[in-house]
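Asker: The structure that follows is given in the form of structure tokens.
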Amino acid sequence: MPRTRSLQHPLLNGARSLLVLRTLTIALLVATAAPAQASDELSDAEQQALQAAARRMAPTVLQVRTIGGLEQVDDRVLAQGPTTGLAVRSDGYIVSSAFGFAQNPSSILVRLPDGTQRPAELVGRDDNRMLVLLKIDLPAGLELPVAEPAPLDEVRVGQWAIALGRTFDPQRVNLSVGVVSALGRQLGRAIQTDAKVSAANYGGPLVDLRGRVLGVLVPMAPPGPGGPMAETSEVAGVEYYDSGIAFAIPLETVVGQLDRWIAAGELRRGVLGIGMTEGSPHAAEPRITSIWPGSPAETAGWQSGDLVVAVDGRAVSTQIQLRTEVAPRYAGDSLSVRVRRGQGDDAEELDTRVTLVAKLPPYQQGFLGVLPQRGDSVPNVQTEPGNKDKDENPAADEVKLDTAIAGVAIRAAWPDSPAARAGLLPGDRVTKINDATIADAADAANALATLPAGKETTVAAVRAGETSEYRVQLAPLPTDLLSASNMPAAAELGTDNAAASDEIALVELKLPEFPMTARGLAPPAMGASAGAPGLLLWLGGSDPEVTQELARSWRAALGRAQVALVLAEPGDEAGWSGDDAEYLARLLPLAASRFGVDPRRIVVAGEGKGGQMALSLALQMRGRLAGVAAVAAPLPRTAKVPENAPGAPLAVLMIATENSPFSALVRRDAVRLIEAGYPVSQTTRRATIDRAGMLDLQSRGIIARWLDGLDRF
């Protein structure tokens, strides 16, 4: 600064120098004192403003106590302390975070500003914004003080934000201060703040300096692997506890929906029912690749290949922009959507009207009814349906396929399937499904992956060098269990006749970051006609002797079905738990690579606790597993069943034990899975366990035959 430079000038000396120095020192002291005083005054003013805003809002911030219910949700232990609520209507309506009610409490008490407590009823949930609505009955003449919402168009990034709660001390509110750090977060549903927010504040208000409510504080998390429309847990986002990243649902939005919420009791997020091209949602265009049957998108006439270009008059060019337009809406809301159909000069833009729904109808994948031949030869039975070769062993009379003919050979037509009714025979080669050219069984499965049951489909097949077209109506995936007598064998299933003394050479499968060791058994080589093997990951115990006996017991059935066996052990002697999920998810690709398996026949299975773990893992890994088999095992108590989805088929086999206390639960959970669209095969055995850890012979045969047919299409 100039003053500093003047003190260093060479002409300053003697008395003149002392005089100037003294004068400047006094000036500097005065200049320094003024900002310090102003800073203190500003700090006091800020403190007074914060306290005044908190005092103004305090009567609307209520302590809420919950009693009873679950102790754990999604492997997270729930706190049992009080939570916070915000009065939004004078006649007793209070809004809070769904986090405080994840346990579905049996009783709710609300402490009023005068210190009295009143019972409350949970009258509504909002699963889109993770809120709940409570109602208390008030004495005649008593009204709740109500929070004033801050207009959203006045909220600015960088402005003060005060997070309030009433948990630690019912006589006073707890307070955390920060700023508004972002708007329109969580796909347009939330305000973001850097104020430290924890369970003490959830359900309480985020307040501005004027004492108006910016929003209701809730934990929220970004969309998971299931995408923005995947089911969200009430505890998702709690990991941001006191992190400087917190979210609040704008109170203006809540108040705007309050009458609707009270009338409906439940506000559900709205869904369109579309799939889009893969890629970063921030860069990929919103081009539709699939449409859920019976969805709003199908009703609106959208087609695969359409490009969404505008929603309610606002242009969208990326998937994240489309999601941000749709995610804040509720089921029942209608949108005006413009889509572009076609390319180049032939493209046209269509204005459509679409009404969102809360739930899409269960998806049932279409089934043609073909068991594909896995190798390069098929039985020589291209005659009439039901004709049998004179040789008692049909596998002995095989002909080499003409590899110049494209397509996938039919090993057999599933009984009473569209293929069987159309007259397709073993040895025919499917070359086309609709407009998709079929080179192998994987192509056929992909062509049918997004075609629902009931869809009319054209199939082209070659027989004796001539191509014929068949018009069929696809059926749902079958759930009947084929018996040993009518199961067309890639390699005939036999009885389990391994000698008790036989030693089994097991391959160790070890992941360096986990202490557990899995052991695998490859099926015997059975020639080119067998194709790639399937894989059964059996969740057993940790006793090496039992593991050896398990492998011996499975050897015959899985060997005939050409299935590799992997026996996994839990991380704890107490048995399988949710902590083992990551290990199993990492073990599966290792085992699949080790044995070179067919991805369409990878199954996880277990009995009891192992069966529960298998069900839980399979629902988490849909798309990477073909099926799950559970023996005498219901779903885990807190398991959520996601809807079956196109492109991620999962077959389920549930074996119950007669007179078991779990049998009713197994049947109940089978219904849950069926209602979600999964093909569930069921059977009941008199006994499923011969001795400790040993599955009975018939149950092993059922699992092997079921697994043998999972590459059907």
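Asker: Take the Cα radius of gyration of region 171-220 and divide it by 2.2 N^0.38 Å, with N its residue count; two decimals is plenty.
Answerer: Compared with the compact-globule rule of thumb, region 171-220 sits at 1.11.
Asker: Just the Kirkwood number for region 537-583, please: inverse of mean 1/r across all distinct Cα pairs, in Å, one decimal. Please report the intermediate quantities before stating the final value.
Answerer: Details: mean 1/r = 0.0859 Å⁻¹.
For region 537-583, inverting the mean 1/r across all distinct Cα pairs yields 11.6 Å.
Asker: So if I restrict to the alpha-carbon atoms in region 240-334, what is the Rg, and what is Dmax, the biggest pairwise distance, in Å?
Answerer: Calculated on Cα positions, Rg and Dmax stand at 15.9, 46 Å.
Asker: Can you list residues from other chains, or at least 5 along the same chain, whose modelled amide H is less than 5 Å from the amide H of Val357?
Answerer: For Val357, the qualifying residues are Val271, Gly332.
Asker: Give the whole-number value, in cubic angstrom per residue, of the convex hull volume spanned by the C-alpha atoms of region 595-689.
Answerer: 94 Å³
Asker: How do 249-260, 143-154 rank on mean C-beta neighbours within 10 Å, highest first?
Answerer: 249-260, 143-154
Asker: Search the structure for amide H atoms under 5 Å from the amide H of Ala436, placed 1.01 Å from N in the peptide plane, and list their residues when 5 or more places away or on another chain.
Answerer: Amide H neighbours of Ala436, under 5 Å, 5+ apart: none.
Asker: With only alpha-carbon pairs counted, each pair once and no self-pairs, how large is the Kirkwood hydrodynamic radius of region 84-140 in angstroms?
Answerer: 11.7 Å
Asker: Using the structure shown, select from Lys609/Lys640; Lys510/Lys640; Lys359/Lys609 the pairs with a Cα to Cα distance greater than 28 angstrom. Write down the numbers at each step before the final one.
Answerer: Values: Lys609/Lys640 17 Å; Lys510/Lys640 31 Å; Lys359/Lys609 31 Å.
Pairs exceeding 28 Å: Lys510/Lys640; Lys359/Lys609.
Asker: Working out 0.36 nm times the residue gap between Ser317 and Ala436, then minus their Cα-Cα distance, what length gain in nm do you get to one decimal?
Answerer: Residue separation times 0.36 nm, minus the Cα-Cα distance, leaves 39.9 nm.
Asker: In terms of the Cα gyration tensor, with a ≥ b ≥ c the square roots of its eigenvalues, is region 593-646 rounded because a/c is under 1.5, prolate because a/b exceeds b/c, or oblate?
Answerer: oblate
Asker: For the charge dipole of region 550-632, defined by +1 on Lys and Arg C-beta atoms and -1 on Asp and Glu C-beta atoms about the Cα centroid, which residue among Ala568, Gly623, Met613 has the Cα displaced farthest towards the positive pole?
Answerer: Gly623
Asker: Would you mind working out the magnitude of the charge dipole of region 590-713 relative to its Cα centre, with +1 at each Lys and Arg C-beta and -1 at each Asp and Glu C-beta, to the nearest 20 Debye?
Answerer: 140 debye
Asker: Here's something else I'd like to know. Please report, to two decimal places, log10 I(q)/I(0) for region 281-384 at q = 0.19, 0.22, 0.23 Å⁻¹ as given by the Debye formula with identical point scatterers on the Cα atoms and no solvent.
Answerer: So the normalised log intensities are -0.99, -1.28, -1.38.
Asker: Starting from the amide H of Ala651, placed 1.01 Å from N in the peptide plane, find each other amide H under 5 Å away whose residue is 5 or more places distant or on another chain.
Answerer: Residues meeting the criterion, in which the H sits 1.01 Å from N, are Gly627, Val628.
Asker: Just how many % of Cα pairs in region 130-170 lie over 17 Å apart, if you round to the nearest whole percent?
Answerer: Counting pairs separated by more than 17 Å, the tail of P(r) holds 63 percent.
Asker: Going by average Cβ neighbours within 10 Å, how do the peptides 534-540, 195-201, 345-351, 570-576 rank, with the highest at the top?
Answerer: Answer by packing, highest mean first, reads 534-540, 195-201, 570-576, 345-351.
Asker: Say each of Phe168 and Asp91 gets a label point 7 Å from the Cα, pointing the same way as Cα to Cβ; how far apart are those two points in nm?
Answerer: A separation of 3.8 nm, rounded to one decimal place.
Asker: Turning to a different aspect of this structure: In whole Å, what are the Cα extents of region 134-202 along the three principal axes, biggest one first?
Answerer: Principal-axis extents of the Cα atoms in region 134-202, largest first: 42, 27, 20 Å.
Asker: Percent relative contact order of region 516-639, based on C-alpha pairs within less than 8 angstrom and at least six residues apart?
Answerer: 28 percent
Asker: Computed FRET efficiency, Cβ-Cβ of Asp153 and Ala449, R0 41 Å: what is it to the nearest 0.05? List each step's numbers first, then the result.
Answerer: Working: r = 46 Å, r/R0 = 1.11.
E(calc), rounded to 0.05, equals 0.35.
Asker: With labels modelled as points extended 7 Å from the Cα through the Cβ direction, what inter-label distance (nm, one decimal) is found for Ile262 paired with Thr458?
Answerer: Here the answer is 5.9 nm between the modelled labels.
Asker: Same structure again: Using a Förster distance of 60 Å, how high is the FRET efficiency between Thr355 and Leu209, based on the Cβ-Cβ distance and rounded to 0.05?
Answerer: The formula returns an efficiency of 0.90 here.
Asker: Separate question: Can you bin region 554-713 into rounded, prolate or oblate? Criterion: square roots of the alpha carbon gyration tensor eigenvalues sorted a ≥ b ≥ c, rounded for a/c under 1.5, prolate for a/b above b/c, oblate for the rest.
Answerer: Rounded is the answer for region 554-713, as its axis ratio a/c remains below 1.5.
Asker: For Leu697 paired with Glu121, estimate the spin-label separation in nm (one decimal), with each label point 7 Å from Cα along the Cα-to-Cβ line.
Answerer: So the label points at Leu697 and Glu121 sit 6.1 nm apart.
Computed from the coordinates by the stated procedures, all read-outs in this text should not be read as laboratory data. Note that the structure is predicted; figures quoted are calculated from it, not measured. So basically every Cβ, Gly included, is an ideal-geometry build from the backbone, and we count neighbours across all protein chains shown.
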